[in-house]
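Engineer: Shown below is the structure under consideration.
We did not get these values from a lab; they are worked out from the coordinates using the rules stated. This structure is a prediction, so every number in the text was calculated from the model and none was measured. In this analysis, Cβ positions are derived from the backbone assuming ideal geometry, glycine residues included, and neighbour counts consider all displayed protein chains.
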Amino acid sequence: MRLILRSLFRSRIEISNSISVLGEVNTPARIPIEPGGIQLLPALARAGGTKAPAFESIISIQRDGKIDSALLVAVNERPDNNIQLRPGDVVTVTRRPRYFLAFGATGQTTTLGPLDRRFPFDSYRMSLGDALAKAGGLQDDRAQAAAVFLYRFESRQALERMGVDVSLHPGPLVPTVYRADLEDPSGYFLISDFIMRDRDMIYVSNAPSVDFLKFITLIRSVPQTVSDYRVAAEARF
């Protein structure tokens, strides 16, 4: 009995002097805390590193019943985020793929129409210009270069700093549409500096001539459709 109690006491000490690293890491483990302590990044390294890229890995630390989270890339870029871990801390790594959506006159087309898809981020910072290039660029025969739109939920504070009237939107996030005019050469410099966010949506409008051609095609198809209907009706009677 004394040996069993001693073993349980030793196990309790080992657990209380360790931290756990779980989730999307290559080697989930309980890591003992050495006399000099251990920081977050060395603990992740001891667990074999994250499976996903740093810009897709969310690090959550559970301590005293509270949970704080941050992107791994933010921990890498700011030394003060590489905090000292305490005994009993639980570090969990989860993966959140980041992507944007592209609609309208972008990319290549098939016989069924344009390919509207979602595209993953290749890095933590991707500009609107990078995103358009990844989506296949603007179609020369369809796109209206002056009407490239980006849709996102923008923070109320950011819009107020821009001088935008947000009185009709009481919430912290406001649905916002940005427009880039790529017929103006300066527009290309602007989209190179405009940083994309997770779940942003891009829409490239069709040129007016494209919509006019669609209308003409529709009008030309009407007489043939009426004629086909008359032939079918005469055949029935």
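Engineer: Over what distance in Å are the Cα centres of region 34-102 and region 112-181 separated?
Structural biologist: 30
Engineer: Compute the signed sum of charges (Lys and Arg +1, Asp and Glu -1) over the other residues within less than 14 Å, Cβ to Cβ, of Tyr178.
Structural biologist: That sum, taken over residues with Cβ under 14 Å, equals -1.
Engineer: When you count, for each residue, the other Cβ atoms within 10 Å and take the mean per peptide, how do 168-175, 96-103, 179-186 rank with the highest first?
Structural biologist: Packing order, densest peptide first, comes out as 96-103, 179-186, 168-175.
Engineer: Can you check what the net charge comes to around Arg63, using other residues whose Cβ is under 9 Å from the Cβ of Arg63 (Lys, Arg +1; Asp, Glu -1)?
Structural biologist: Counting the neighbours of Arg63, the net charge comes to -1.
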